[in-house]
Amino acid sequence: MRYLSTRGNAPAQSFCDILLGGLAPDGGLYLPESYPQVTRAELDAWRQLSYAELAFAILSKFVDDIPAADLKAICDKTYTAEVYRNCRPGQNAAEITPVHWLEEGKLALLELSNGPTLAFKDMAMQLLGNLFEYVLDKRGEEINILGATSGDTGSAAEYAMRGKHGVRVFMLSPDGRMSAFQRAQMYSLQDGNIYNIAVRGMFDDAQDIVKAVSNDHAFKAKYKIGAVNSINWGRVAAQIVYYFKGYFAATKSNDEQVAFCVPSGNFGNICAGHIARMMGLPVAQLILATNENDVLDEFFRTGVYRPRGTAETHTTSSPSMDISKASNFERFVFDLVGRDGATVRELWAKVDAGASFDISSTPFFAKLPEFGFVSGRNNHAGRLATIRFAWEKYHTMIDTHTADGLKVALEQAPAGVPTLVLETALPAKFEETIREALNRAPERPAGLEGIESLPQRVEVMDPDVDAVKAFIVAHVGH
Ligand SMILES: *Cc1c(COP(=O)(O)O)cnc(C)c1O
């Protein structure tokens, strides 16, 4: 399997070659040259598989430069009941992503947040940690991952990379602006290869430092600076697996269809659902849910993609979806325009210049329904109401992002097929809003009760690019 750039001007590459990199050299995103098709016989056989076996079966179709036995060992080591143990009482952790029915046969949560950081990003990031270690060991190389986080991504990356050979993580976060729980999750890690840097400023200041360091090409090359952001193809590939697993859990035969509802920000999660559908998974509908930051909802309703600036980005109570420019969206548009790199280049020339594009009067918009998307949005009041509704009607506590999904699923779910709402975080991560909605605190999974009182390891710094560079140099040590 070779990988192409969405902008059509970069040489084709193999899976391991793109694993450690970011954007393609022409500024595009990598995608497989074609989507592997899943036969009916394969679907029938896959229905019986464990999560790790299914991950191996699916990833084998995308990876041809890791020997099968090694890829199998990586999947087996990643998807274990010990790692994904934070499921609801009564669920079987060995299923990794259990289905929790709200209305039997009709509406369910697909539990994706049972990993170490209580958000779905662990599903892909844990695999990435093991893949990075494997490839770096093989090549005798190392990587220094530099990132900025406002919460979920940074902690998922740190828990995935802790103790891995050849990997160091330098993670910038805005000093004092994450919840006490999020701070404790990240800063209490004592692994020698994890460095937390709290920047005196906002998330954007941290992000700007990462951009400045990455744009210093000489520094980047000398200190082997890499990233694990949401455009990483390995993350998207890993996420395809749970769409299949959820389908098998929610249906009795491969003649049935399902719908998935996905709380979305950077379009990474639902992009994996789109690819699963393109591979032949019987998906009737992909329902995209946003919060007040509704750039994607607007596109699917109107054909206008209008990325917003920071000033127009709302801070909401589903903060991991506070995105104004969906970094994976280009992958979907590449498929929508018939995989024509020249058209993508034209559209993103506008996006990269800070403008919007409008395809509403083109044949591409007419083709949109073939891809099975519908969309909707939620706001703070709707979030509180949906958390209460799930608690009262289904005796189920859900987090704020999952509430955005459930709200839109209740409005848009197609009749006659089960709808699975992807549970992208556990309520324990968003205690303040849960209290506001339910007047009670969410339960903490076992082992995380006293996490705020553990010793913390963090370097507090001014938002100064040179100081961050000096810190990296001092800790890389050569
Ligand atoms: C990252 C995240 C999302 C958004 O996922 P995308 O892949 O960026 O669309 C939704 N919910 C939670 C809890 C997240 O951490």
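State, as an integer percentage, the relative contact order of the range 319-420 based on alpha-carbon contacts under 8 Å between residues 6 or more apart.
It comes to 20 percent, rounded to a whole number.
Suppose R0 equals 51 Å; then what is the FRET efficiency for Ala342 and Asn92 from their Cβ-Cβ distance, rounded to the nearest 0.05?
Result of the calculation: an efficiency of 0.55.
Which distance in Å, rounded to a whole number, links the C-alpha centroids of the range 447-470 and the range 15-76?
About 35 Å separates the Cα centre of the range 447-470 from the one of the range 15-76.
Under a cut-off of 27 Å between alpha-carbon atoms, report the lysines in cross-link reach of Lys222, not counting same-chain residues fewer than 8 places apart.
Correct list for Lys222: Lys138, Lys164, Lys211, Lys469.
Regarding the chain, what whole-number volume in Å³ per residue does the convex hull of its Cα atoms give?
Cα convex hull per residue, to the nearest whole number: 138 Å³.
Per DSSP H run of at least 4 residues, take -39500 (n - 2.57); add these up for the chain, divide by its residues and hand me the 222 nm value, nearest 500 deg cm²/dmol.
Calculated from helices alone, the mean residue ellipticity at 222 nm is -12500 deg cm²/dmol.
What dipole magnitude, in Debye to the nearest 20, does the chain give about its Cα centre under +1 on Lys/Arg Cβ and -1 on Asp/Glu Cβ?
Its charge dipole is roughly 260 debye.
What list do you get for Tyr247, Tyr35 if you sort them by fewest beta carbons within 10 Å?
Lowest to highest Cβ neighbour count: Tyr35, Tyr247.
Going 7 Å from the Cα of Ser253 in the Cα-to-Cβ direction, what parts of the range 391-422 have a backbone nitrogen less than 19 Å from that spot?
416-418
Return Leu454, Leu109, Leu438 ranked ascending by Cβ neighbour count within 10 Å, so the fewest neighbours appear first.
Leu454, Leu438, Leu109
Glu370 versus Ala474, label points 7 Å from Cα toward the beta carbon: distance in nm?
The modelled label-to-label distance comes out at 5.7 nm.
Bear in mind these aren't lab numbers, they're just calculated from the coordinates by the rules spelled out. As the structure is a computational prediction, the values presented were derived from the model and not from experiment. We place every Cβ from the backbone using ideal geometry, glycine too, and count neighbours over all the protein chains shown.
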